[in-house]
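Please read the structure below before turning to the comments.
What follows is calculated from the coordinates using simple rules that are stated; it is not laboratory data. These figures come from a predicted structure and were not determined experimentally. Neighbour counts run over all protein chains shown; Cβ positions are idealised from the backbone, glycine included.
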Amino acid sequence: MISMDAGDTFELKVTPDRYLTVRYAGASGDFNPIHIDEEFATQVGLPGRILHGLWTMAQVARAHTEALGGPDKLERLSVQFRGMGVMEEEVVVTGTVREVDGERATVSSEATQNGKRIIRNGEATIRL
Amino acid sequence: MPVNTDAIGKTYPATRYAVGREKIKEYASAVGEHNPIHLDPEVARTAGFADVVAPPMFAVVYSNAAILPGLFDPEVGIDFAHMVHGSQEFRWGPLVVAGDEITTTATLSDVSERGGMGFYVFETDSRNQDGETVCIGTWTNIVRMG
């Protein structure tokens, strides 16, 4: 049983390096060229290669499991993707415990980069 | 062109994924997971697991092959050039460990249109070799319509 109270907060900071999306593509199986091919990305109107949304969601998930007691505590996580994440800029994940009710807690979260939200309306259910 | 809702409810063939220790390690490294429960079989066993534990978001890896046929299904008709991943939800059951065999079935659960955008929602149901549901995924892709 882990102890937490409404209003508790946690934070995770991580800076994806220049080749992160290549490693994540291999690890996840998502080889969409907008993440790994600079030329392709710029041709389709992006500023350059962008982060995989699901990598950023994995940072949100990790922020929860590191702060709240391990992978078995995470029962549910939902997020909305907004804008685009880039490499070599710090990603900041913040989480706030909203409600603690018996065996479950509800946590809200977001991820930002340069002050812009790249994940919003994160909501998780935690097993206490 | 309005969205085509005829394919709502369509289910795609199940895929099977054998979870490997080195794949978990590779994934954990790519997402920055340093908890030794994901990396070291001895630590995982001491913690009561049969082998190294997959991080929850490893669900992306074992359900990836199940989601692809729907995305490319002409009956669904997703316009890739204008598609973005809008939102995602996962609900997890028992933790997945190396050695598990995960079977995933994907269903097109909804297609709708609002504000000039098409919303295509797929649901994946992943079960382990004992029939336990290890993850339900809800994948919402948004297509900007011309």
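Quick notes
- Pair A:D5, B:D73: separation of 7 Å Cα→Cβ label points (nm): 5.0 nm
- Our helix-only sum for chain B, with -39,500 (n - 2.57) per DSSP H run of n ≥ 4 divided by its residues, gives a mean residue ellipticity at 222 nm of -6000 deg cm²/dmol.
- Dimensions of chain A based on its C-alpha atoms, expressed as ranges along the principal axes with the largest first, amount to 52, 28, 20 Å.
- For the peptides B:82-93, A:71-82, A:52-63, residues were scored by their other Cβ atoms within 10 Å and the scores averaged per peptide; the highest-first order is A:52-63, A:71-82, B:82-93.
- Relative contact order of chain B, defined on C-alpha pairs under 8 angstrom at six or more residues apart (%): 30 percent
- Which of B:V19, B:V60, A:V93 has the fewest Cβ neighbours within 10 Å, and the rest in rising order: B:V19, A:V93, B:V60
- Lysines with Cα under 26 Å of A:K116, excluding same-chain neighbours fewer than 8 positions away: A:K13
- Taking a Cβ cut-off of under 13 Å around B:F80, the surrounding Lys, Arg, Asp and Glu residues balance to a net charge of -1, with basic ones at +1 and acidic ones at -1.
- What you get for the stretch A:1-76, charging only the Cβ of Lys and Arg (+1) and of Asp and Glu (-1), is a dipole of about 100 debye around the Cα centre.
- One compactness figure for the stretch B:72-141 is 1.32, namely its Cα radius of gyration divided by 2.2 N^0.38 Å.
- Cα-only Debye scattering, the protein assembly as shown: base-10 log of I(q)/I(0) at q = 0.11, 0.12, 0.14 Å⁻¹: -0.62, -0.75, -1.04
- Neighbour net charge for A:A6 - beta-carbon separation under 13 angstrom, K R +1, D E -1: -2
- Estimated purely from DSSP H runs of n ≥ 4, each contributing -39500 (n - 2.57), the mean residue ellipticity at 222 nm for chain A is -7000 deg cm²/dmol once divided by its residues.
- Using θ = phi - 60° in the Karplus curve 6.51 cos²θ - 1.76 cosθ + 1.60, the 3J(HN,Hα) couplings for the stretch B:69-77 round to x, x, 5, 9, 6, x, 5, 7, x Hz; x is entered for Gly and Pro.
- Annotation for B:M83 and A:N121: the two label points, set 7 Å from Cα along the Cα-Cβ direction, are 2.1 nm apart.
- Between the stretch B:11-47 and the stretch B:51-128, the Cα center-to-center distance that results, in Å: 18 Å
- The string of couplings for the stretch B:117-123 from the Karplus curve (6.51, -1.76, 1.60, θ = phi - 60°) is 10, x, 10, 10, 10, 10, 10 Hz, one whole number per residue in order, with x for Gly and Pro.
- Viscosity 0.692 mPa s, temperature 37 °C, Stokes-Einstein D of the stretch B:1-113 from Kirkwood C-alpha radius, µm²/s: 205 µm²/s
- Cβ-to-Cβ counts within 10 Å put A:Y24, B:Y17, B:Y62 in ascending order as B:Y17, A:Y24, B:Y62, the fewest first.
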